[in-house]
Amino acid sequence: MASSRLLLFAMQLLVLVAAVAGTRWQDFLRLPSESASEDDDAAAVGARWAVLIAGSNGYYNYRHQADVCHAYQIMKKGGLKDENIIVFMYDDIADSPDNPRPGVIINHPDGGDVYAGVPKDYTGKDVNVNNFLAVLLGNKSAVTGGGSGKVVASGPDDHVFVYYSDHGGPGVLGMPSDDYLYAKDLVDALKKKHAAGGYRSLVFYLEACESGSIFQGLLPSDISVYATTAANAEESSWGTYCPGDDPGPPPEFDTCLGDLYSVAWMEDSDAHDRRAESLRQQYETVKDRTSAHGTYSLGSHVMEYGDVQGLAAQSLNTFMGTDPANDDNATVISLFGRGQQQRRRGPAVNQRDADLVYFWQRYRRAAEGTPEKAEARRRLLQVMSRRSRVDSSMELIGGLLFGSEEGPRVLGAVGPAGQPLADDWDCLKYMVRAYERHCGPLAQYGMKHMRAFANICNAGVGEDAMAKVASQACAAVARSD
């Protein structure tokens, strides 16, 4: 009896101590091995991997490489090893003659250099669809060119973070070599990686116009992938820290320094103790900062896809590590929520128009009567003319295929919510190739017409018919120039 009373007293004491400490009494009774395995954030057993890719080139696209360099600094400070961080960037920004700070890239008006120390794993022409998918799949033998050869050699206990910043269009993401990463090919690669036991969990942050179309209706919820996108399937994403924005870049810069969704998640990650913040909490913060706001009604709808229920509760630390300088700092949400939006003045810049902002700034700054003024004017008019040709050719194609009245309706049709863009992705690829064969590259602006190509496929138009009307339409547009 005495021993029973002693045991009861001990149990009551444990409950009292646990209550004071704010923990469960059951935690006091776990074996040391049980405590270690659970306290290690079940999610952080394996290694962390990161793939960071900027899919554009050209100084007017400064923001994409700036985003990726900043993301590298976050991962590096979080404790990820360089051998586990794989960076794709064309690497033509830091040393560009247009860069007012040679050798330096910034991602915030008052920010420091984010370029220093970034590994140049895949640069120039090595930034392409083949290499990106090979790296993601851990298939070293499929990598081509002169890159580092690093791949995501992850195993079933590991955690993979992928961040992609670029132009996009419905169902596609851009690359500097003018090839396109199609949504189905990306999602198929993720499925293959999962089937091979290539990760325990994978998080994908995607910055691009119509980025929701990459995962909508395609990404399963049962392959341990959680994805967030800068926009839904039908809208543009936005540049930020642009000329005319508030805050804007330093006065010597003619280009946007970052993208709104991207700087939202990265500045949030910079400031928090990432052990104390979940993926879902960051999603809500980023969604709030990125959404339409203020007088201008600009912004985009940040979306989430995949294993939303299972993975969103995991901590950022699982994928990004945490910066010791921010330990216990979990009270900075006001810097990144609605307060930040209300302090903004002036418009953010539609991703597809950011290059026009750059070329206009160059023209505006150049002195009258100088060769620099003439060249800036030529480049601005060239960009605008190319846009006009693409739009005109697509309008003619729609008219030739479906009639002048029906064409705009068919090409612009948006399918049911939650459905993937295309019924036949191989057909979509063929339609794009047929167009580009006769009309030239769609390039970063023309990707906005991908929905029109998908609708042409969905309407049952054959390959020969598409090739014929593309040839006719683009020849007519060329004659009218």
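The values are calculated or read from the model by the stated rules, or taken from the named source; none is laboratory data. As the structure is a prediction and not an experimental result, all values here were calculated from the model. All Cβ positions, glycine included, derive from the backbone under ideal geometry; neighbour counts span all protein chains shown. Please note that ligands, DNA and RNA were not included when accessible areas were found on the heavy atoms of the full protein model with its side chains. Shrake-Rupley method; radii C 1.70, N 1.55, O 1.52, S 1.80 Å.
Residues checked against (1) β-branched (V, I, T); (2) out of contact with any Pro (no Cβ under 9 Å at 6 or more places or on another chain); (3) modelled with pLDDT of 95 or more; (4) open to solvent by 40 Å² or more (accessible area, probe 1.4 Å):
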residue: Y435; (1), (2), (3), (4): no, yes, yes, no
residue: P441; (1), (2), (3), (4): no, yes, no, yes
residue: Q444; (1), (2), (3), (4): no, yes, no, yes
residue: H449; (1), (2), (3), (4): no, no, yes, no
residue: N455; (1), (2), (3), (4): no, yes, yes, no
residue: D464; (1), (2), (3), (4): no, yes, no, yes
residue: V477; (1), (2), (3), (4): yes, yes, no, no
residue: D481; (1), (2), (3), (4): no, yes, no, yes
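Contact map, segment 127-140: residues that are on the phi > 0 side of the Ramachandran plot paired with residues that are in a loop (DSSP other than H, G, I, E, B), Cβ distance under 7 Å, separation 6+ or inter-chain. Pairs shown: G138/V151; G138/V152; G138/A153; G138/S154; G138/G198. For segment 437-453, a residue qualifies if it is in contact (Cβ under 8 Å) with a residue 40 or more places away in the chain, part of a helix (DSSP H, G or I) and not basic (K, R), and the qualifying residues are C439, A443, Q444, Y445, G446, M447, H449, M450, A452.
For segment 173-209, a residue qualifies if it is in contact with a helix residue (DSSP H, G or I) (Cβ under 8 Å, 6 or more places away or on another chain), acidic (D, E) and either open to solvent by 10 Å² or more (accessible area, probe 1.4 Å) or closer than 15 Å to E234 by Cβ (or both), and the qualifying residues are D178, D179, D185.
Scan segment 370-382 and give yes if some residue there is open to solvent by 50 Å² or more (accessible area, probe 1.4 Å), farther than 20 Å from C474 by Cα and in contact (Cβ under 8 Å) with a residue 12 or more places away in the chain, otherwise no. Let's see the steps before the verdict.
Step one: list which residues in segment 370-382 are open to solvent by 50 Å² or more (accessible area, probe 1.4 Å), which gives 371-372, 374-375, 377-379, 381-382.
Filter once more, keeping what is farther than 20 Å from C474 by Cα: 371-372, 374-375, 377-379.
Applying the additional criterion that residues be in contact (Cβ under 8 Å) with a residue 12 or more places away in the chain yields 377, 379.
Within segment 370-382 (the criterion being open to solvent by 50 Å² or more (accessible area, probe 1.4 Å), farther than 20 Å from C474 by Cα and in contact (Cβ under 8 Å) with a residue 12 or more places away in the chain), the answer is yes, since at least one residue qualifies.
Pairing each residue of segment 454-481 that is within 14 Å of G399 (Cα to Cα) and among the basic types (K, R) with any residue that is open to solvent by 40 Å² or more (accessible area, probe 1.4 Å) and in a helix (DSSP H, G or I), provided the two are 6+ apart or on different chains, yields C-beta distances under 9 Å for K468/L400.
When D113, D126, D82, D67 are screened for being at pLDDT 95 or above, open to solvent by 10 Å² or more (accessible area, probe 1.4 Å) and either under 25 Å from G239 (Cβ atoms) or of a type in the set (A, V, I, L, M) (or both), only D113 passes.
On the given criteria, is K429 basic (K, R), buried (at least 17 other Cβ atoms within 10 Å of the Cβ) and either without any contact (Cβ under 8 Å) to a residue 60 or more places away in the chain or outside any loop (DSSP other than H, G, I, E, B) (or both)?
Numbers: basic (K, R): yes; buried (at least 17 other Cβ atoms within 10 Å of the Cβ): yes; either without any contact (Cβ under 8 Å) to a residue 60 or more places away in the chain or outside any loop (DSSP other than H, G, I, E, B) (or both): yes.
Here the answer is yes, as K429 does meet what is asked.
Take the conditions exposed (fewer than 15 other Cβ atoms within 10 Å of the Cβ) and modelled with pLDDT of 90 or more and apply them to A417. Does it pass? Against the criterion (exposed (fewer than 15 other Cβ atoms within 10 Å of the Cβ) and modelled with pLDDT of 90 or more), A417 does not qualify. So, in segment 347-365, how many residues would count as being farther than 30 Å from R409 by Cα and open to solvent by less than 20 Å² (accessible area, probe 1.4 Å)? The qualifying residues number 2. Checking the structure you have, find out if any residue of segment 185-207 is part of a loop (DSSP other than H, G, I, E, B), more than 18 Å from Q314 (Cα to Cα), aliphatic (A, V, I, L, M) and within 18 Å of the chain's Cα centre (by Cα). No, segment 185-207 has no match at all. Just one residue in the set P243, P220, P251 is free of Cβ contacts under 8 Å to residues at least 12 places away in the same chain and of a type outside the set (D, E, K, R); that residue is P251. Taken together, V143, V160, V152 contain a single residue that is more than 18 Å from the chain's Cα centre (by Cα), in contact (Cβ under 8 Å) with a residue 40 or more places away in the chain and within 27 Å of A47 (Cβ to Cβ), which is V152.
Residue by residue through segment 71-90, note down the ones that are of a type outside the set (D, E, K, R) and either within 13 Å of the chain's Cα centre (by Cα) or not in a helix (DSSP H, G or I) (or both). Don't jump to the end; show me each part of the working.
If we filter segment 71-90 for residues that are of a type outside the set (D, E, K, R), which is where we start, we get 71-75, 78-80, 84-90.
Listed by number, the residues that qualify are A71, G78, G79, L80, I85, I86, V87, F88, M89, Y90.
The helices (runs of 4 or more DSSP H) found wholly in segment 228-328 and carrying at least 1 residues that are in contact with an Asp or Glu (Cβ under 7 Å, 6 or more places away or on another chain) and within 22 Å of V160 (Cα to Cα) occupy 260-271, 279-290, 317-320. Scanning segment 396-426 for residues that are in a helix (DSSP H, G or I) and touching a Ser or Thr at 6+ places or on another chain (Cβ under 9 Å) turns up just one, G398.
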